[in-house]
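Comments concern the structure below.
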Amino acid sequence: MEQNEIKELFKKNNALLNGHFLLSSGLHSDTYFQSALILQHPQEAERLACELAKQIKEKGIKIDVVVSPAMGGIIIGHEMGRALGTRAIFTERTDGKVSLRRGFCAEKGEKALVVEDVVTTGKSTKEVIDALAQYGVEIAAVVSLVDRSAGKIDFGVPRFSLLSLDVKSYKAEECPMCKEGGMPVKPGSRK
Ligand SMILES: [Zn+2]
């Protein structure tokens, strides 16, 4: 699938919106991505995972286990596990600490694929990588549906996404859309 095709698919499902948004970080942005709105369609989730899995296979990257952060990464991570024929596990945050729970574990030497719905600052991806460090697994690659950093974040491993966006975010006092008199909306909130 081409970038444009992916973009249109996200837009058609309201997963990718253009406008003037107040993000949970407090920043204002002209673009918002809500993966749940595309992933609520299992057929689309499966199709997108197959696209990412195809790239993994083409690059000859071997994967033993898919690991994604709860909540946002679970569905696409699970579909990636299906597409790659591996198990799919997830990390959770409790008391501020990210770890594997529920009896999930990874074996020393296993090759892990970290799967995110969207990479923005890379913080949650880094937390998953750190949580896996104690198991002695090798991080083989990081993939996401959307990369909001336009490839600027480096985890020191191969990394790719289906859609790369160079999203502009602004502090409220510097937001050009506010300067034009606009009011930001909180995505997902009821109007
Ligand atoms: Zn604004």
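The values are calculated or read from the model by the stated rules, or taken from the named source; none is laboratory data. Treat the numbers as computed from the prediction; the structure is a model and nothing was measured. Cβ: placed from backbone, ideal geometry, glycine included. Neighbour counts: every protein chain shown.
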(request) Select, from Val142, Val137, the only residue that is hydrophobic (A, V, I, L, M, F, W, C) and closer than 19 Å to Lys59 by Cα. (result) Val142
(message) List the residue pairs whose Cβ atoms are under 6 Å apart, where the first residue sits in segment 172-191 and is more than 9 Å from the ligand (Cβ to nearest atom), the second is among the hydroxyl-bearing types (Ser, Thr, Tyr) and modelled with pLDDT under 95, and the two are 6 or more positions apart or on different chains.
(response) Pro187/Tyr32
(request) For residues that are part of a loop (DSSP other than H, G, I, E, B) and either within 22 Å of Thr121 (Cα to Cα) or within 16 Å of the ligand (Cβ to nearest atom) (or both), scanning just segment 1-27, find the one that is nearest to the chain's Cα centre (by Cα). (result) Ala15
(request) Would you tally the residues in segment 160-191 being in contact with a Phe, Trp or Tyr (Cβ under 7 Å, 6 or more places away or on another chain) and of a type in the set (Ser, Thr, Tyr)? (result) 0
(message) Could you go through segment 79-88 and let me know if any residue there is more than 20 Å from Tyr32 (Cα to Cα), at pLDDT below 95 and part of a loop (DSSP other than H, G, I, E, B).
(response) no
(message) Let me spell it out: the conditions are (1) closer than 26 Å to Ile38 by Cβ; (2) touching a strand residue (DSSP E or B) at 6+ places or on another chain (Cβ under 9 Å), and Gly156 meets all of them except one. Which number is the exception?
(response) (1)
(request) Return the total of residues in segment 53-81 being in contact with an Asp or Glu (Cβ under 7 Å, 6 or more places away or on another chain), surrounded by fewer than 22 Cβ atoms within 10 Å (Cβ to Cβ) and farther than 21 Å from Val157 by Cα. (result) 2
(request) Select from segment 140-159 the residues that are in a loop (DSSP other than H, G, I, E, B) and of a type outside the set (Gly, Ala, Ser) and list them in ascending order. (result) Arg148, Lys152, Ile153, Asp154, Phe155, Val157, Pro158
(message) The conditions are (1) away from the ligand (no atom under 16 Å from the Cβ); (2) in a loop (DSSP other than H, G, I, E, B), and Ala112 fails exactly one of them. Which is it?
(response) (2)
(message) What's the total number of residues in segment 160-176 that are in contact with a Leu (Cβ under 7 Å, 6 or more places away or on another chain) and not in a strand (DSSP E or B)?
(response) 1
(request) Kindly indicate whether Gly151 is more than 16 Å from the ligand (Cβ to nearest atom), surrounded by 12 or more Cβ atoms within 10 Å (Cβ to Cβ), modelled with pLDDT under 95 and not acidic (Asp, Glu). (result) yes
